[in-house]
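Data first, discussion second: the structure below is written as structure tokens.
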Amino acid sequence: MKITTFSNFEKENPKENKSIFFSGRVYRRYKMYNCIFNILQYANIFDNKKFKNFLLPIKKNTHVAVHARYSGKGKLYTSKISTDRNMLIKDLEKIIKKIRKRYKSNKIIILTDITGYNYYKILKHKFANLIFSKEISKDYIGDVKLLLSSIMYYHYNGGGICVFAWFSKLPYLCCWKGTHYVTNEMFWKNYYKYTSWQFKNQKTFFCKTIDDFISHI
């Protein structure tokens, strides 16, 4: 990896260099993050063996991971932020109740940032073995480690951390309220198989309501 200015990059790499992936976009300095995921869908088909080595390793522990997104005004955000994907306390409580029925003695770890922790922490008084990532994790990477070491990952309308589950063999249930929440990426098959490499114990759906999501747990 080399960090350089764009002008130096152009000097060292003439435009006719065909070895640069998406060279047209690169030289126009045009975004490509919004199509990389879809390209990887096909990379898996062309070289499945190498692609499997690309997937993130998982280290199974005994806890269940749940992502709860809650964004509010703060120094990290502008005054206009999207709150449409925020999970209400009552909805998270419903999810935890259902998970607890299935996993009677396992710890449940809620993956959320400090804003979410301050909003949801009232639930600690209602459930045993309920831990928030901000209680045991120092940063975002720490939260990722908790995700990849869980026995199961759940997310309903969540945020970016779900990507780490998609690029692993970790069992998960990921749902969204509607198609407009998945804007850049395409489903591989008819809105039930999100990635071409999705395994049988990895489920993706569109669940319009929280109760619909809970019915799949």
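The values are calculated or read from the model by the stated rules, or taken from the named source; none is laboratory data. Keep in mind that what you see is a predicted model, and the values were worked out from it rather than measured. Don't worry about glycine lacking a Cβ; one is built from the backbone with ideal geometry, like all the others, and counts go over all protein chains shown. Heavy atoms of the whole protein, side chains included, go into the accessibility calculation; ligands, DNA and RNA do not. Shrake-Rupley method; radii C 1.70, N 1.55, O 1.52, S 1.80 Å.
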Q: For segment 158-217, report the convex hull volume of the alpha-carbon atoms normalised per residue, in Å³, without decimals.
A: 86
Q. Given labels modelled 7 Å from the Cα in the Cβ direction, how far is it in nm from Lys31 to Leu88?
A. 3.1
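Across every pair of different alpha-carbon atoms, what Kirkwood hydrodynamic radius in Å does segment 48-168 reach?
Numbers: mean 1/r = 0.0661 Å⁻¹.
Value: 15.1 Å, from the Cα pair sum.
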Q) When the convex hull of the Cα atoms of the chain is projected onto a plane and the area is averaged over all directions, what value comes out in nm²? A) 14.6
**Q.** Across Lys104/Lys208; Lys18/Lys59; Lys98/Lys169; Lys124/Lys177; Lys49/Lys177, pairs whose alpha-carbon gap is larger than 30 Å
**A.** Lys18/Lys59; Lys49/Lys177
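Output the peptides 194-201, 83-90 sorted from most to least packed, where packing is the average of other Cβ atoms within 10 Å over each peptide's residues. Kindly include the intermediate steps, with their values, before the conclusion.
Numbers: 194-201: 16.0, 83-90: 14.1.
Peptide ranking by packing, descending: 194-201, 83-90.
Per-residue counts of other Cβ atoms within 10 Å, averaged by peptide: what ranking do you get for 120-129, 44-53, highest first?
Top of the packing list down: 120-129, 44-53.
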Q. Over segment 89-138, what percent of the accessible surface lies on carbon and sulfur atoms, probe 1.4 Å?
A. 53
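What part of the accessible area of segment 149-217, given as a whole %, is carbon or sulfur when the probe is 1.4 angstrom?
On the way: 1570 of 2910 Å².
Ligands and nucleic acids excluded, carbon and sulfur reach 54 percent.
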Q | Burial ranking of peptide ranges 94-102, 109-117 (average Cβ count within 10 Å, highest at the top) | A | 109-117, 94-102
Q: Please give the contour-minus-distance gain from Asn190 to Ile151: 0.36 nm per residue of separation, less the Cα-Cα distance, rounded to one decimal in nm.
A: 11.4 nm
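Per residue, what accessible area does the chain have, given a 1.4 Å probe and all protein chains present, in Å²?
On the way: 13230 Å² over 217 residues.
Each residue of the chain exposes 61 Å² on average to a 1.4 Å probe.
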